[in-house]
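What follows is one structure encoded as structure tokens, with my remarks underneath.
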Amino acid sequence: MNLLVVGAGQAGVQFASSARDLGWEGSITLIGQEPHAPYARPPLSKAFLKGEASLASLALRSAAFYSEQRIDLVTGEHIDRIDLSGDGAGTAISVTGRRWTFDRLVLATGARSRRLTIEGGDLDGVLTLRDVHDAQVLAGRLAAAKALVVIGGGFIGLEVAATAAAAGVPTTVVEAAPALMNRVVSSTTAEIVATAHRAAGVRIRTGLRPVRLRGMDGAVVAVELDNGDELSADLVVVGVGAQPRDELARSAGLHCDNGIVVDARSLASDGHTIAVGDCANLPDPSLATDPASRLRLESVDNAVEQATSAAATLVGLHRAYRSVPWFWSDQGRIKLQIAGLARPDDEIVPRSGRRPGQHTTLRYRGSRLVAAECVNSPADFLTVRRALGEGICLPRTTATDTSLSLKEHLANTKESPCL
């Protein structure tokens, strides 16, 4: 039995590794488009940009691992066609004409950075950050930059902004929403993070959109905003989200809708192909959720956990993927950790930390704790993650009492399950 994994990022590597751990005895071929061995992406916007990490130090596994696990790692090959036979088997063809036959297929094709579609979006000096090549180019540009404008106040944009500001580059973040990280955190947490960035020298402009990037001699020199302001910039980093790489799946006839649509076992619409990671549109794996809720999760945690669960599907252990989604973002002196998935209308319960710079925002849906946003508060993050994972109640009225830590509050509940 031949297993083919297309995509050699975190999800693809984890799937191949877990498949071996769970007893898959057939061949495994792992194909990546980049010329490099698989590497971790989160440090690209932080340690790698600072010169504190190398491509070698970011390797997900050693070269010996692939050999020992009998995983045939193929790099520098872009698969642009998949022919499925109807029983999960088929053939994959790359742009160079190489062909791989398979009995089971896993798509771990990831996502690509969204680009600006406004005038000037293709000028020299307008960059995105998704892979190590992007990071290498950005690092070189930052060293000579006189003014950086980051378009997008999400994780990537704020991580780059923090790195640049710490290096002495005048930096401005432009976010179209009323607050930073508008889709993932509460207004309370967003303001705390914004205040910390301003204290570090980053200018924050929210509620504004770029309408044109002005250039001179083919290179960007300014960003024009919809309120008429113009920001000087010889470097622009665009961080406005990502699009799933689902073209292969679409061309192969698999159902796609904001990613490759899979069930709770990570099976695509043909009932055989598996899709994992950033490219997959999956049922919300949270323990307390609407069964009809679907989403794409772009995180290392999901890549690892979903791929591990999906490997069980491969070997016949059909169990639904259930997990507590969690995320993190290191932004200069800010360590933001999020456990669970909140909705905009979930209640906000703020808790000031015991040390300067610490803050936790709990999110409640009715009487149930559903998420926490922790700024420089790793103990709170771990406590809430445990509570969510084990279904332990942490009453809202109790959580507002900051004389006790969340860990102490949790112990006092005597681990009573939420009903």
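The values are calculated or read from the model by the stated rules, or taken from the named source; none is laboratory data. Note that the structure is a prediction, hence the values are computed from the model and not measured. Heads up, the Cβs are rebuilt from the backbone with ideal geometry, glycines too, and the neighbour counts pull from every protein chain shown.
The number of residues in the stretch 301-323 that are hydrophobic (A, V, I, L, M, F, W, C) and in contact with a Ser or Thr (Cβ under 7 Å, 6 or more places away or on another chain) comes to 3.
Figure legend. Inter-residue proximity from the stretch 163-177: first residues outside the structural domain of P43 (by TED's automatic domain parsing) and assigned to a loop (DSSP other than H, G, I, E, B), second residues hydroxyl-bearing (S, T, Y) and modelled with pLDDT of 95 or more, beta-carbon distance below 9 Å, spacing 6+ or different chains. Indicated pairs: V169/T163; P170/S232; A176/T206; A177/T206. Screening the candidates A11, A37 for the property of being assigned to a loop (DSSP other than H, G, I, E, B) and under 30 Å from A161 (Cα atoms) yields one hit, A37.
Across the stretch 398-418, the number of residues qualifying as within 25 Å of A190 (Cβ to Cβ) and either loosely packed, with under 15 Cβ neighbours inside 10 Å or among the aromatic types (F, W, Y) (or both) comes to 3. At least 1 residues being β-branched (V, I, T) and either crowded, with 17+ Cβ neighbours inside 10 Å or under 24 Å from the mean Cα position of the chain (by Cα) (or both) is the threshold, and among the strands (runs of 3 or more DSSP E) wholly inside the stretch 184-237 those reaching it are 203-206, 219-225. Inside the stretch 255-269, can you point out the residues that are within 22 Å of S94 (Cα to Cα), assigned to a loop (DSSP other than H, G, I, E, B) and out of contact with any strand residue (DSSP E or B) (no Cβ under 6 Å at 6 or more places or on another chain)? Across the stretch 255-269, there are no qualifying residues.
Restricting attention to the stretch 358-390, the residues that are in contact with an Asp or Glu (Cβ under 6 Å, 6 or more places away or on another chain) and among the hydroxyl-bearing types (S, T, Y) total 3.
Quick check, is D301 out of contact with any helix residue (DSSP H, G or I) (no Cβ under 8 Å at 6 or more places or on another chain) and either among the charged types (D, E, K, R) or more than 18 Å from V184 (Cα to Cα) (or both)? So D301 fits the description; yes. Scan the stretch 9-18 and give yes if some residue there is farther than 30 Å from D330 by Cα, assigned by TED's automatic domain parsing to the domain that holds H78 and buried (at least 18 other Cβ atoms within 10 Å of the Cβ), otherwise no. Within the stretch 9-18, not a single residue is farther than 30 Å from D330 by Cα, assigned by TED's automatic domain parsing to the domain that holds H78 and buried (at least 18 other Cβ atoms within 10 Å of the Cβ). Checked against the criterion of being within 22 Å of R363 (Cβ to Cβ) and in contact (Cβ under 8 Å) with a residue 40 or more places away in the chain, the candidates S232, S186 yield just one match: S186. When the stretch 255-288 is filtered for residues that are in contact with a helix residue (DSSP H, G or I) (Cβ under 6 Å, 6 or more places away or on another chain) and either within 21 Å of W326 (Cα to Cα) or surrounded by 24 or more Cβ atoms within 10 Å (Cβ to Cβ) (or both), the ones remaining, listed by number, are G259, I260, R265, S266, I274, V276, G277.
Among the residues of the stretch 52-73, those that are buried (at least 17 other Cβ atoms within 10 Å of the Cβ) and among the aliphatic types (A, V, I, L, M) comprise A53, L58, L60, I71, L73. Considered as a group, the residues in the stretch 123-155 that are touching a strand residue (DSSP E or B) at 6+ places or on another chain (Cβ under 7 Å) and of a type in the set (D, E) include one that is farthest from D234 (Cα to Cα), and that residue is D134. The sole residue among T91, T117 that is hydroxyl-bearing (S, T, Y) and assigned by TED's automatic domain parsing to the domain that holds W24 is T91.
Any chance the stretch 104-123 includes a residue that's more than 30 Å from R209 (Cβ to Cβ), over 24 Å from the mean Cα position of the chain (by Cα) and in contact (Cβ under 8 Å) with a residue 12 or more places away in the chain? Among the residues of the stretch 104-123, at least one is more than 30 Å from R209 (Cβ to Cβ), over 24 Å from the mean Cα position of the chain (by Cα) and in contact (Cβ under 8 Å) with a residue 12 or more places away in the chain, which makes the answer yes. Taken together, R115, R61 contain a single residue that is within 27 Å of G241 (Cβ to Cβ), part of a loop (DSSP other than H, G, I, E, B) and basic (K, R), which is R115.
Screening the stretch 42-64 for residues that are without any contact (Cβ under 8 Å) to a residue 24 or more places away in the chain and in contact with a Ser or Thr (Cβ under 9 Å, 6 or more places away or on another chain) and picking the one that is nearest to V95 (Cα to Cα) gives P43.
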